[in-house]
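**Q** Below is the structure I would like to discuss, written out as structure tokens.
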Amino acid sequence: MAAPGRCSVSAAFWEHLRRLGLQDFPCGLGSWNKSRCDARTSPCGGQPGLGADPAGQEEATPLGEESPEALLELLSDGHSPWALLPDCSPQDQHLREMAVLAPELVRGSCVFQVLRSLRIVGKGVEEVDEGLLQLQQLEELILSANQISRITSANLPRTLKVLELCCNAVADLQDLCAQPPPELQHLGLGYNMLCGPSQDKYLTADFWPNLVSLDLSFNNLTDLLGLVSQLSSLQKLRVLVLQGNPLALIHTYRGFLVDSLPKLSILDDIHIGPDERHRFHSLARQPELIRSEARVVVSIGEIKGVPDPRACQQLEVGSKAPVITYSYCVTYKFVEEEETEDGSSTEVTKIHQHPVMATLDVDSSALDMRETKGQQEPAATEESKAHSAKVFVTPGKPWADTIDCSYRKEHTAKDLVGLKSYLASGTIVSVMEEKVLSWPVDADPEENAVTKGKAKRRLQDGAKVPLPRDKQKKKKKEEPCELRSDPPVRRTLGSGKVTLETLLATEDLVATVCDFGILITEQPLQPPSLEEKDRKKGKDKSKKTKAERESQASWKTTASPKGKRKNKDSAELEEGRGLQPVPLTVQFQMQLLQWPSAAGTQSQESVATAVGKAQ
């Protein structure tokens, strides 16, 4: 019996039957089919069932009763108030039709004799109780999306051929394998909490001699060699799903499985053809090549939509304005790795927290970014701790309409559980701007102070004393002054999350263009024009005549070359405002490397060994 307070399969089953309304119109026994039901002598025998022909009965339908066709139409018509509920299965439709044609077969405990399939999905079931043993003809049991953490095989009908427990909380197979149904052909354990290698020993022919299909997807299995050694005993296994496990990220994963299980027909929903078997022939004989690591390549292409800073200025001799330089880069997160493609350590830059990045805990001592608990896999048990991730930065590039980063980096991840958690939560990609102010450095501060003092006295005396010729020549030949740079100022132009979950399934490449929207830049304040200054002066000096003001304004407009330049710049600015703004985008790509053949694996491994020895 079910424990008090826990939802059992039996309770969910009876509640489901009540919702189907097998004893209510147009199903069941009633005045709408009384004469037909009275003609039957055996409540649970006779067996007219769905195979009976109701046409002969329609001729003798008494007044006030409904024909079987009319009752079945009420069940099948989508506009009927008695239509089947949208979440019901074909088995439910079968039961309701039987309740119309032979209602005595689904009355009371008789329903246990006709039920072949039971589907209870998302009903909060926590326990598989012994009430299921009443279903003596049950062949298919689907209990997906419930809360089952422990299942006792003694409570399962021995006639079962399909058992689906996807999306539950099963972490241990010991109780399930105590007395498993001997004729089981499909076992679905995807999206649970199985962790290897302790569970591998239960996946052998000793427990499942007739197993044809096995789904272990999206668990936390890590031991590829150990799991394959156990699965090799399943001689009837033809369909295997392992995607979403940390071991599926190993670069030799698929090839090793294809060669190790020669009778397998479908792996991770992909058919295994003769060509693929030929490519990976003899890979299973080289277990030393099966390293528990994954290789991921990150590529970053073009950045578009960065506003022109218009700040690349040439510093004139004696000018006090700074030289402003801008550079642009892209940052992304990746799980902390132990080695890189070239064996060198990668510098990690500490980036100022962006609102999107603020969900991460920043460890300033290690300069890494760690994931919060809310971003972790719900199926993780002892691996549920946060995994460290580093921030990688592309080299800075100067501004251009299209900034080509041309960045490519290969990462080697040995923490497969951490890599799975990272891919499930995605990564943060940001476009950063770095601004540096450079100031002229005075060669001799004392000499400059004396020179400034003499110049000040000459201005006070009103005399225009020319500089000596030797100093004038020296000034002309003087090289550009030395610059002193301030610490760089960084800011985030755009940041967003890139979804990487498809890399846990059959896809090995994620290529996207991150769109951060149109950047809104503040226009600098423009100084008042000459006309505005004249109007202001005209209010203060009311004694000036109109002719004098017009003459003065005309003289200033024609005599000032700066005014002409300003009017030209204003025209260019107005013309630029009419252009269609371009959103800030960056090309991002992440690829999970898989070896194309056994020979390719061996050659790549020899190259990696040579690089390791050279270090």
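**Q** If I ask for residues that are closer than 23 Å to Thr585 by Cα and β-branched (Val, Ile, Thr), which ones from segment 289-304 would you list?
**A** If we filter segment 289-304 for residues that are closer than 23 Å to Thr585 by Cα, which is where we start, we get 296-304.
Matches in segment 289-304: Val296, Val297, Val298, Ile300, Ile303.
**Q** Can you run down the residue pairs with Cβ atoms below 9 Å, 6 or more apart or on separate chains, where the first is in segment 192-214 and more than 15 Å from Ser233 (Cβ to Cβ) and the partner is aromatic (Phe, Trp, Tyr) and crowded, with 22+ Cβ neighbours inside 10 Å?
**A** Asn192/Phe218
**Q** Considering only segment 264-299, state which residues are open to solvent by 30 Å² or more (accessible area, probe 1.4 Å), among the charged types (D, E, K, R) and either in contact with a helix residue (DSSP H, G or I) (Cβ under 6 Å, 6 or more places away or on another chain) or under 21 Å from Val241 (Cβ atoms) (or both).
**A** Answer for segment 264-299, where residues must be open to solvent by 30 Å² or more (accessible area, probe 1.4 Å), among the charged types (D, E, K, R) and either in contact with a helix residue (DSSP H, G or I) (Cβ under 6 Å, 6 or more places away or on another chain) or under 21 Å from Val241 (Cβ atoms) (or both): Asp269, Arg277.
**Q** Is it the case, given these coordinates, that Ser80 is in a helix (DSSP H, G or I) and either among the hydroxyl-bearing types (Ser, Thr, Tyr) or at pLDDT 95 or above (or both)? It would help to see each step written out before you state the result.
**A** On the way: in a helix (DSSP H, G or I): no; either among the hydroxyl-bearing types (Ser, Thr, Tyr) or at pLDDT 95 or above (or both): yes.
No; evaluated as a whole, the condition is false for this residue.
**Q** How many residues are in a loop (DSSP other than H, G, I, E, B) and either closer than 22 Å to Val510 by Cα or free of Cβ contacts under 8 Å to residues at least 40 places away in the same chain (or both) when one looks only at segment 269-310?
**A** 5
**Q** Which one of these does Glu104 not meet: (1) in a loop (DSSP other than H, G, I, E, B); (2) at pLDDT below 70; (3) buried (at least 17 other Cβ atoms within 10 Å of the Cβ)?
**A** It fails just one condition, (1).
**Q** Only one of these conditions is not met by Leu234: (1) more than 27 Å from Ser425 (Cβ to Cβ); (2) open to solvent by 30 Å² or more (accessible area, probe 1.4 Å). Which number is it?
**A** Every listed condition holds for Leu234 apart from (2).
**Q** When the residues of segment 306-342 are narrowed to those that are among the hydrophobic types (A, V, I, L, M, F, W, C) and modelled with pLDDT of 60 or more, which ends up surrounded by the fewest Cβ atoms within 10 Å (Cβ to Cβ)? Steps first, please.
**A** Filtering segment 306-342 for residues among the hydrophobic types (A, V, I, L, M, F, W, C) gives 306, 311-312, 315, 317, 321, 323-324, 329-330, 334-335.
Remaining after also requiring modelled with pLDDT of 60 or more: 306, 321, 323-324, 329-330, 334-335.
Numbers: Val306: 23, Ala321: 11, Val323: 17, Ile324: 14, Cys329: 22, Val330: 24, Phe334: 19, Val335: 25.
Only one residue fits best here, namely Ala321.
**Q** If a residue counts only when it is at pLDDT 95 or above and either out of contact with any His (no Cβ under 6 Å at 6 or more places or on another chain) or open to solvent by less than 80 Å² (accessible area, probe 1.4 Å) (or both), which strands (runs of 3 or more DSSP E) contained entirely in segment 388-493 have at least 1 such residues?
**A** Numbers: elements: 388-393, 402-413, 427-440, 483-485.
Counting at least 1 such residues, we get 388-393, 402-413, 427-440.
**Q** Taking segment 497-515 as the search range and keeping residues that are surrounded by fewer than 19 Cβ atoms within 10 Å (Cβ to Cβ) and part of a strand (DSSP E or B), which one is farthest from the chain's Cα centre (by Cα)?
**A** Taking the candidates together, the pick is Asp515.
The values are calculated or read from the model by the stated rules, or taken from the named source; none is laboratory data. Values in this document were obtained by computation on a predicted structure and should not be read as measured data. Cβ sites come from the backbone with ideal geometry, for glycine too, and all protein chains shown count toward neighbours. Heads up: the accessible areas ignore ligands, DNA and RNA and are worked out on the full protein's heavy atoms, side chains in. Shrake-Rupley method; radii C 1.70, N 1.55, O 1.52, S 1.80 Å.
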